[in-house]
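Inspection log for the structure reproduced underneath, given as structure tokens.
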Amino acid sequence: MQIRCGNCNASQSLEVALGVESARGALGVALQMPAPLHRPLVQYLGMFRAAGRALAFDRVEKLLTGLLPMLESQTVTRNGLTRACPVALWQAGFERMVDQRDNGKLQLPLKSHGYLLEIVAALADQAGAKEEKAQEATVRSGSARADGDKKLERLQVISQARGEIDLGLLTLDAAKQRLREAGINPEVLDG
């Protein structure tokens, strides 16, 4: 079926016009993707194309739309679990997919994002484990305990000053001076 362009009056097929609209939608979603992912994402999308065939724009739009919410929220959801996943981990996931393709370890064309999500979820788990290990090391090293000790000392100085004011052993001005000397804001006594 032939249609006419409303701007230039040129004649074209309805299929071409629909393709242009699909291309516009796919491009709109692609432009919302984080900049560091553009190149590896294009390579990844090529893995959905059957040999000797072009990837339809509506398929590109659907594929990108499936990833966009996770990329925007910097999370990955797989097997019902959602993990924090910064853009750098997504980029590493796309690059790993490209490496797998280049080494002939992928069965192409891909049908879904399943394998990518497995890779990215594993990367997110590894990053989370490293962060947890670092936190545990901090706790074991005593820096968390030292922070707690400093807070306790601060509370003891404030409490002692309040008690001495209540007993009439210290004036408010003298108590505030003591707190200043201890490096504590004297306004804590005003409340």
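The values are calculated or read from the model by the stated rules, or taken from the named source; none is laboratory data. Bear in mind the structure is a predicted one, so any value in this text is a computation, not a measurement. For neighbour counting, all protein chains shown are included, and Cβ atoms are generated from backbone atoms with ideal geometry for every residue, glycine included.
How many residues does the stretch 30-63 contain that are over 24 Å from the mean Cα position of the chain (by Cα) and surrounded by fewer than 13 Cβ atoms within 10 Å (Cβ to Cβ)?
5
If I ask for residues that are part of a loop (DSSP other than H, G, I, E, B) and either at pLDDT below 95 or not assigned by TED's automatic domain parsing to the domain that holds Gly66 (or both), which ones from the stretch 113-144 would you list?
Gly142
Listed residues Gln107, Gln156, Gln100; which is closer than 30 Å to Leu71 by Cβ and either part of a helix (DSSP H, G or I) or of a type in the set (Val, Ile, Thr) (or both)?
Gln100
Look at Leu106 and say whether it is closer than 20 Å to Val60 by Cβ and at pLDDT 95 or above.
no
Could you say which residue among Leu106, Leu155, Leu89 is more than 30 Å from Leu55 (Cβ to Cβ) and without any contact (Cβ under 8 Å) to a residue 60 or more places away in the chain?
Result of the check over Leu106, Leu155, Leu89: Leu155.
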